[in-house]
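Chemist: Handing you a structure now.
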Number of protein chains: 2
Amino acid sequence: MTTSEKIAALRLSMQEHQIDAFIVYSADPHMSEYLPGEWQERSWLSGFTGSAGFVVVTKDKAGLWTDGRYFVQAPAELEGSGIDLMKDGVEGTPNYIDWLLSEVPDGGKVAVNALATSNTNWEALGQQLAAKNIDVVDLPLLKEIWKDRNSGGPKNPVFVHPVERAGKSVVQKLLDIRQKMEEQQASVHIISSLDDVAWTLNLRGSDVEANPVFLGYIVLTKNETVLFVDLEKLDLDARRQMDEAWVKMRPYEEFFPYLQQIRNEKILISPNTNQSVFDALKNDNTFIKGPVPGNLMKATKNETELQGFRTVMQRDGVSMVKFLYWLTQNAGKEAMTEYSIGQKLLEFRKAGKNFVGESFGSIVGYGGNGAIVHYSAKNEGSKAVTNEGSILVDSGGQYLEGTTDITRTLALGAVSDEFRRNCTLVLKGMIQLSMVKFPRGTRGVQLDAVARMALWKEGKDYAHGTGHGVGSFMNVHEGPQNIRKDMNAQELLPGMVVSNEPGFYAENTYGIRHENLVAVKEAETTAFGTFYEFETLTVCPFDRNALDISLLTGEEKNWLNTYHQWCREKLENDLEGEVKEWFLDQVKPI
Amino acid sequence: MTTSEKIAALRLSMQEHQIDAFIVYSADPHMSEYLPGEWQERSWLSGFTGSAGFVVVTKDKAGLWTDGRYFVQAPAELEGSGIDLMKDGVEGTPNYIDWLLSEVPDGGKVAVNALATSNTNWEALGQQLAAKNIDVVDLPLLKEIWKDRNSGGPKNPVFVHPVERAGKSVVQKLLDIRQKMEEQQASVHIISSLDDVAWTLNLRGSDVEANPVFLGYIVLTKNETVLFVDLEKLDLDARRQMDEAWVKMRPYEEFFPYLQQIRNEKILISPNTNQSVFDALKNDNTFIKGPVPGNLMKATKNETELQGFRTVMQRDGVSMVKFLYWLTQNAGKEAMTEYSIGQKLLEFRKAGKNFVGESFGSIVGYGGNGAIVHYSAKNEGSKAVTNEGSILVDSGGQYLEGTTDITRTLALGAVSDEFRRNCTLVLKGMIQLSMVKFPRGTRGVQLDAVARMALWKEGKDYAHGTGHGVGSFMNVHEGPQNIRKDMNAQELLPGMVVSNEPGFYAENTYGIRHENLVAVKEAETTAFGTFYEFETLTVCPFDRNALDISLLTGEEKNWLNTYHQWCREKLENDLEGEVKEWFLDQVKPI
């Protein structure tokens, strides 16, 4: 089926059900960022494969809302589909609620699949559409249309993430969570996000691409902890670990029936849980809506997890240096494409101890493709790479001890002065943010500008956040903290790992991004309070050929030299021969 | 009556009315920051004279909650009162709601004066205390106890702020406000904040110290605009202006009776309006709670108002330079106190054309008193000032064309290297914020750190905001924008005037603050969007004797030299003789 045919089939189904508009959020029942294949409803329907965006279809119009990262990719993928691109955050683009209010008649009906709609979205939708007496209903219309949908869930193994790496036992985690339940006077607690489920039980899986998670729900009551999961997937050690922590296991399919018999309880539940869960619990229960307590515990890494990060960063750094050497030496000499470069990088990483897989599909953007923020080169049609211009490589690995995420931008050959200037401005932002010290209580939104100021001074900016949380052998994107322009009330706390990744994108010409991971740590306590700073975790040199060193202040040069010296100490013993020689040249003082 | 006697009388009254706790917010019926004398209930009851804070009294405890600006002043004023200081924002200090929940018995009663309690506070209180079945009731208990309260309101004249200075006619303002009412489908709109009332009708008064406002309410219906005001106070021009804009005038006392007859209307009203207004309207009306539309219009100054600011800054700068010359030449030679210095500064300002009065009580803090952020030296007991150490002078003027607010910190004699270092770090912050350029959509919370980074790097900070909005011949503190650590969703918009005033305070030793006013203006539009920058408005040199120039970067030195050169151009023609000679020395390049 072409996209137009799918939309036509959906409209037919909408007509049968007397629905005026149908919304397809980019979501699964666990509100995951990366969706299992069977839940890629939005991609299936629209053809747009980006990580964020949703589609709204009425009887004669269809729109895809997505953000700045996809303003180049989306139009290409939507071409000929009849779906209009609605650029989120760009002046003149209507909010989808306003759009619905103008397109749907008074007293009309809007449908969503409640299983793939968060309670937050469901309620906001209902409240806002009530202004025009529009009803929101739960109708999984794509079920009927998407014939070859591969449902039933993946069958990948679920295995133990041992306490030696997790730093905290399942029993202790459950105790800590139950204490938070008590503080909030909750008698039941539902955990539905996959990374929270995996973190809580010190289990890992591979049901979602690049995320070491598995499909599951946890219900904590006063007396029991129940994991709803495809039982066959758990290996013996995993089952033993559940038994030892008094965790009962039940089939994944029994989750909703189990919920339906819960009565007269105070239920601590995240409003980011799918609406079907709320519907199943709606009789005779009270909801205490709030964040999953384990989520903040997960975000603030313990010393064992931080040590795991430090270990894998060194390992990842060795692979990155070997890769960068290979790339810079061979570009222009042997045939390579963006796709083959990504594969080569994966090969280097695979040689690393305890490497499990990529932490996300690597982004290798050559020349103008570097300006596509979440570009993903496919084997077919991927650009040939030579020794001209610049390339942006954003990649990461999942290791048993931790997760990496790194971006380096390289000059493969001659680059313009303008490129070098912008590449240096971005680096200045990354360095300034690396050096910042800040008092307890500071939120990411207060620090975001630090990474942008050098660009802002020249009327330049990047249309993405500066930093996202990173899990410990866990999802490469996690909350609740981030460093963005958006208002996020979560304070930065010691142990939180975040990316520091400003960028600059010249459409169709080149893309620049420098990314290190950093951990929040306590710096000092003075008469003015406790201050935190960032510990840089990522170990890999920056390409000085891409920079205009004259633009760096003395303080910034000093930071770069100290960083490169530190990289040398961390990596030189694991390198040899020509690679080492090249590396030592890369890390020498500027 | 002593404070203890007042508290005892209140407790007696609480007992009679079966009240478990009584809250005295720092507020009047118009939710003003500076309160008319008769509404200084909290100061009267507690003896604490700071601008922010509230008191809660139970049958055996009493607490005053206030913020970091008053941690030195409050204990002094509360001594012997039996009222405990509750330090807001300091770890371990209970939120007053939590405190009430622990002190008031289940099913108890908490009373407030609804006329001096915003709807926001009223509702939050009710909702949060409901957890323990505690009722919130409206009881103006202080009415009975405060015998010599001077009620009836001031009788100061209300006069026209002509369109030549306001830049926009009353008719146009009312049209603009009615358009916003229509957009929100409101049929009635209440304006109760005094600066919004004065701004809307291009009138000014002097009912509140330092704020050129008058007691009044405005009600806009579909067909009429009614100003509730003491009619005698309006001069002929003011009455004529009201007639020409079809504004009806009614006695101030008729406001509540008028409200009580409003039925079946959709009422646009700020939740920052006093609860008695909501109570009067509660029958058969719908509330649309939201900001007063005129408030944002007031905050984004038009070109006429900006020109007014530029004009008065020059005039204020001349007075400031003459004052600074007098102070630096005479400190240690003639007898002077913090209080007399403030009076002397007022004299210099009075010589300026169209000077109306101080925009707030000047803060002259010598040595350790400089560390008391909102210090107010009284005639009696004010510290003698000599030519030793440093002095902080924060002051401002109301002129018919605009409002000023400026802080300079001076070394009157020898100062320590540590002082000079901190004084320079604060200046670095002020300069960095002055230089920042930022994209449309940026909020103050994103820029606050820019002014703090230099201090943060050394584990230092200041316990107040970096910037507040400033009115145009209007209140020196206004919203909705600010530059603070707090989350404030209001974007900075062209025409907004804000202060840029980082500081540093060494308790009992010295205080440092540098403050300029700046206006947001459009800088450029590039491929990455529209960028804004700050235009500095304040014209007055900084004391180089207080600085360690070696700590400034080349960019910062350049900013300072450019600023001083600009000051020279603006002021030198209005100075002569020794003052001019001294001034030219102050503004020469560093």
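Chemist: Quick check on this structure: which one of B:PHE534, B:PHE473 is buried (at least 24 other Cβ atoms within 10 Å of the Cβ) and more than 20 Å from the chain's Cα centre (by Cα)? Don't jump to the end; show me each part of the working.
Modeler: Working: B:PHE473 fails: more than 20 Å from the chain's Cα centre (by Cα).
B:PHE534 is the lone residue from the list that is buried (at least 24 other Cβ atoms within 10 Å of the Cβ) and more than 20 Å from the chain's Cα centre (by Cα).
Chemist: Please work out which residue is most open to solvent (accessible area, probe 1.4 Å), limiting yourself to the range B:344-370 and to residues that are assigned to a helix (DSSP H, G or I) and among the hydrophobic types (A, V, I, L, M, F, W, C). Walk me through how you get there before you give the answer.
Modeler: At the first step, the residues of the range B:344-370 found to be assigned to a helix (DSSP H, G or I) are B:344-350, B:367-370.
Narrowing the set further to residues that are among the hydrophobic types (A, V, I, L, M, F, W, C) leaves B:345-346, B:348.
On the way: B:LEU345: 2, B:LEU346: 26, B:PHE348: 48 Å².
Selected residue: B:PHE348.
Chemist: Being polar (S, T, N, Q) and out of contact with any helix residue (DSSP H, G or I) (no Cβ under 6 Å at 6 or more places or on another chain) is the filter here; which residues of the range B:62-84 pass it?
Modeler: So the first thing to find is which residues in the range B:62-84 are polar (S, T, N, Q), and the list is B:66, B:73, B:81.
Residue satisfying the conditions is B:GLN73 alone.
Chemist: Only one of these conditions is not met by A:GLU79: (1) more than 15 Å from A:MET14 (Cβ to Cβ); (2) crowded, with 16+ Cβ neighbours inside 10 Å. Which number is it?
Modeler: (2)
Chemist: Something else: Answer with yes or no whether A:THR200 is open to solvent by less than 50 Å² (accessible area, probe 1.4 Å) and of a type in the set (Ser, Thr, Tyr).
Modeler: Numbers: open to solvent by less than 50 Å² (accessible area, probe 1.4 Å): yes; of a type in the set (Ser, Thr, Tyr): yes.
Taking the combined requirement at face value, the residue satisfies it.
Chemist: Moving on. Collect the residues in the range B:197-215 that are on the phi < 0 side of the Ramachandran plot and part of a loop (DSSP other than H, G, I, E, B), keeping them in residue-number order.
Modeler: Initial filter on the range B:197-215 (on the phi < 0 side of the Ramachandran plot): B:197-201, B:203-209, B:211-215.
Of everything in the range B:197-215, those that are on the phi < 0 side of the Ramachandran plot and part of a loop (DSSP other than H, G, I, E, B) turn out to be B:LEU201, B:GLY205, B:SER206, B:ASP207, B:GLU209, B:PRO212, B:VAL213, B:PHE214, B:LEU215.
Chemist: Quick check: anything in the range B:543-558 among the acidic types (Asp, Glu), more than 14 Å from chain A (Cβ to nearest Cβ), out of contact with any Ser or Thr (no Cβ under 9 Å at 6 or more places or on another chain) and farther than 18 Å from B:THR328 by Cα? Spell out how you get there, then give the answer.
Modeler: First, the residues of the range B:543-558 that are among the acidic types (Asp, Glu): B:543, B:548, B:555-556.
With the extra rule that they be more than 14 Å from chain A (Cβ to nearest Cβ), the set shrinks to B:543, B:548.
After this cut, where a residue has to be out of contact with any Ser or Thr (no Cβ under 9 Å at 6 or more places or on another chain) as well, the list is none.
No, there is no match, as no residue in the range B:543-558 is among the acidic types (Asp, Glu), more than 14 Å from chain A (Cβ to nearest Cβ), out of contact with any Ser or Thr (no Cβ under 9 Å at 6 or more places or on another chain) and farther than 18 Å from B:THR328 by Cα.
Chemist: Could you run through the range B:323-338 and say how many residues are under 29 Å from the mean Cα position of the chain (by Cα) and either in a loop (DSSP other than H, G, I, E, B) or loosely packed, with under 15 Cβ neighbours inside 10 Å (or both)?
Modeler: Qualifying residue count for the region: 1.
Chemist: Tally up the residues in the range B:562-572 that are open to solvent by 40 Å² or more (accessible area, probe 1.4 Å) and either among the polar types (S, T, N, Q) or within 14 Å of B:ASP543 (Cα to Cα) (or both), please.
Modeler: Matching residues across the range B:562-572 total 2.
Chemist: Quick one: which helices (runs of 4 or more DSSP H) lie wholly within the range A:221-315 and hold at least 3 residues that are more than 30 Å from A:VAL520 (Cβ to Cβ), touching a strand residue (DSSP E or B) at 6+ places or on another chain (Cβ under 6 Å) and open to solvent by 60 Å² or more (accessible area, probe 1.4 Å)? Give the steps one after another, and end with the answer.
Modeler: Details: elements: A:236-244, A:255-260, A:275-281, A:293-299.
Where helices (runs of 4 or more DSSP H) fall fully within the range A:221-315, none carries at least 3 residues being more than 30 Å from A:VAL520 (Cβ to Cβ), touching a strand residue (DSSP E or B) at 6+ places or on another chain (Cβ under 6 Å) and open to solvent by 60 Å² or more (accessible area, probe 1.4 Å).
Chemist: Hey, another quick one. What helices (runs of 4 or more DSSP H) lie completely within the range A:102-196 and have 1 or more residues being open to solvent by less than 20 Å² (accessible area, probe 1.4 Å) and over 30 Å from A:ASN302 (Cα atoms)? Walk me through it before giving the result.
Modeler: Details: elements: A:119-129, A:142-145, A:163-166, A:170-183.
Hits in the range A:102-196: A:119-129, A:142-145.
Chemist: While we're here: Given (1) out of contact with any strand residue (DSSP E or B) (no Cβ under 9 Å at 6 or more places or on another chain); (2) surrounded by 21 or more Cβ atoms within 10 Å (Cβ to Cβ), identify the lone condition not met by A:ALA546.
Modeler: In the conditions (1) out of contact with any strand residue (DSSP E or B) (no Cβ under 9 Å at 6 or more places or on another chain); (2) surrounded by 21 or more Cβ atoms within 10 Å (Cβ to Cβ), A:ALA546 misses (1) alone.
Chemist: Go through the range A:424-507 and tell me which strands (runs of 3 or more DSSP E), entirely inside it, have 3 or more residues that are away from chain B (no Cβ under 11 Å) and either in contact (Cβ under 8 Å) with a residue 60 or more places away in the chain or within 18 Å of A:LYS301 (Cβ to Cβ) (or both). Spell out the reasoning first.
Modeler: Working: elements: A:437-439, A:467-469, A:478-483, A:497-500, A:503-506.
In the range A:424-507, the matching strands (runs of 3 or more DSSP E) lie at A:467-469, A:478-483, A:497-500.
Chemist: Where residues in the range B:171-214 are of a type in the set (A, V, I, L, M) and modelled with pLDDT under 95, which of them is nearest to B:VAL356 (Cα to Cα)?
Modeler: Within the range B:171-214, the subset of a type in the set (A, V, I, L, M) is B:171, B:174-175, B:177, B:181, B:186, B:188, B:190-191, B:194, B:197-198, B:201, B:203, B:208, B:210, B:213.
Applying the additional criterion that residues be modelled with pLDDT under 95 yields B:208, B:210.
Details: B:VAL208: 13, B:ALA210: 9 Å.
My answer is B:ALA210.
Chemist: Among the candidates A:LEU410, A:LEU392, which residue alone is surrounded by fewer than 23 Cβ atoms within 10 Å (Cβ to Cβ), at pLDDT 95 or above, part of a strand (DSSP E or B) and away from chain B (no Cβ under 14 Å)?
Modeler: On the way: A:LEU392 fails: surrounded by fewer than 23 Cβ atoms within 10 Å (Cβ to Cβ).
Of the residues listed, the single one that is surrounded by fewer than 23 Cβ atoms within 10 Å (Cβ to Cβ), at pLDDT 95 or above, part of a strand (DSSP E or B) and away from chain B (no Cβ under 14 Å) is A:LEU410.
Chemist: If I filter the range A:512-522 for residues that are of a type in the set (Gly, Ala, Ser), surrounded by fewer than 24 Cβ atoms within 10 Å (Cβ to Cβ) and at the interface with chain B (Cβ under 9 Å from one of its Cβ atoms), do I get at least one hit?
Modeler: Filtering the range A:512-522 for residues of a type in the set (Gly, Ala, Ser) gives A:519.
Restricting the remaining residues to those that are surrounded by fewer than 24 Cβ atoms within 10 Å (Cβ to Cβ) gives A:519.
Of the ones still in play, those that are also at the interface with chain B (Cβ under 9 Å from one of its Cβ atoms) are none.
So far as the range A:512-522 goes, no, none of its residues is of a type in the set (Gly, Ala, Ser), surrounded by fewer than 24 Cβ atoms within 10 Å (Cβ to Cβ) and at the interface with chain B (Cβ under 9 Å from one of its Cβ atoms).
Chemist: Need the failing condition index for B:ALA384 against (1) within 26 Å of the chain's Cα centre (by Cα); (2) more than 21 Å from B:GLU209 (Cα to Cα), just the number.
Modeler: Evaluating B:ALA384 over (1) within 26 Å of the chain's Cα centre (by Cα); (2) more than 21 Å from B:GLU209 (Cα to Cα) leaves (1) as the failure.
Chemist: Now a separate question. Under the condition of being assigned to a strand (DSSP E or B) and of a type outside the set (S, T, N, Q), which residue from the range B:523-542 is farthest from the other protein chains (Cβ to nearest Cβ)? Give the derivation first.
Modeler: Just the residues of the range B:523-542 that are assigned to a strand (DSSP E or B), to begin with: B:523-526, B:529-536.
Still in the running and of a type outside the set (S, T, N, Q): B:523-524, B:529, B:531-535.
Details: B:ALA523: 7, B:GLU524: 5, B:GLY529: 6, B:PHE531: 5, B:TYR532: 10, B:GLU533: 9, B:PHE534: 12, B:GLU535: 16 Å.
By that ranking, first place goes to B:GLU535.
Chemist: Count, please, the residues in the range A:85-97 that happen to be touching a helix residue (DSSP H, G or I) at 6+ places or on another chain (Cβ under 9 Å) and among the charged types (D, E, K, R).
Modeler: Selection size over the range A:85-97: 2.
Chemist: Taking interchain pairs and intrachain pairs at least six residues apart, which have beta carbon atoms under 8 angstrom, with the first residue in the range A:570-582 and within 16 Å of A:ARG315 (Cβ to Cβ) and touching a residue at least 40 places away in the same chain (Cβ under 8 Å) and the second β-branched (Val, Ile, Thr) and surrounded by 12 or more Cβ atoms within 10 Å (Cβ to Cβ)?
Modeler: Close Cβ pairs (under 8 Å, with a partner that is β-branched (Val, Ile, Thr) and surrounded by 12 or more Cβ atoms within 10 Å (Cβ to Cβ)) amount to A:LYS570/A:VAL539; A:LEU571/A:VAL318; A:LEU571/A:VAL321; A:LEU571/A:VAL539; A:ASP574/A:VAL318; A:LEU575/A:VAL318; A:LEU575/A:VAL321; A:VAL579/A:VAL321.
Chemist: Among the listed residues A:SER382, A:SER376, which satisfies the condition of being of a type in the set (Ser, Thr, Tyr), in contact (Cβ under 8 Å) with a residue 60 or more places away in the chain and either within 20 Å of A:TYR70 (Cα to Cα) or not in a strand (DSSP E or B) (or both)? Before you say what the answer is, go through the steps one by one.
Modeler: Numbers: A:SER382 fails: in contact (Cβ under 8 Å) with a residue 60 or more places away in the chain.
Unique residue meeting the criteria: A:SER376.
Chemist: For the range B:207-228, indicate whether the set of residues that are closer than 18 Å to B:GLY167 by Cα, free of Cβ contacts under 8 Å to residues at least 60 places away in the same chain and out of contact with any Pro (no Cβ under 8 Å at 6 or more places or on another chain) is non-empty.
Modeler: no
Chemist: Would the range B:93-101 turn up any residue that is more than 15 Å from B:SER46 (Cβ to Cβ), buried (at least 20 other Cβ atoms within 10 Å of the Cβ), at pLDDT 95 or above and touching a strand residue (DSSP E or B) at 6+ places or on another chain (Cβ under 7 Å)?
Modeler: The initial filter retains those residues of the range B:93-101 that are more than 15 Å from B:SER46 (Cβ to Cβ), namely B:93-95, B:97-101.
Then keep just the ones that are buried (at least 20 other Cβ atoms within 10 Å of the Cβ); that gives B:100.
From the residues that got through so far, the ones that are at pLDDT 95 or above too are B:100.
Remaining after also requiring touching a strand residue (DSSP E or B) at 6+ places or on another chain (Cβ under 7 Å): B:100.
Checked against the condition, which is being more than 15 Å from B:SER46 (Cβ to Cβ), buried (at least 20 other Cβ atoms within 10 Å of the Cβ), at pLDDT 95 or above and touching a strand residue (DSSP E or B) at 6+ places or on another chain (Cβ under 7 Å), the range B:93-101 yields at least one hit.
The values are calculated or read from the model by the stated rules, or taken from the named source; none is laboratory data. On a predicted model such as this, the values are computed, not experimentally measured, just so you know. Neighbour counts are summed over all protein chains in view; Cβ atoms, including those assigned to glycine, are modelled from backbone coordinates with ideal geometry. In case anyone asks, the SASA skips ligands and DNA or RNA and just uses the protein heavy atoms, side chains included. Shrake-Rupley method; radii C 1.70, N 1.55, O 1.52, S 1.80 Å.
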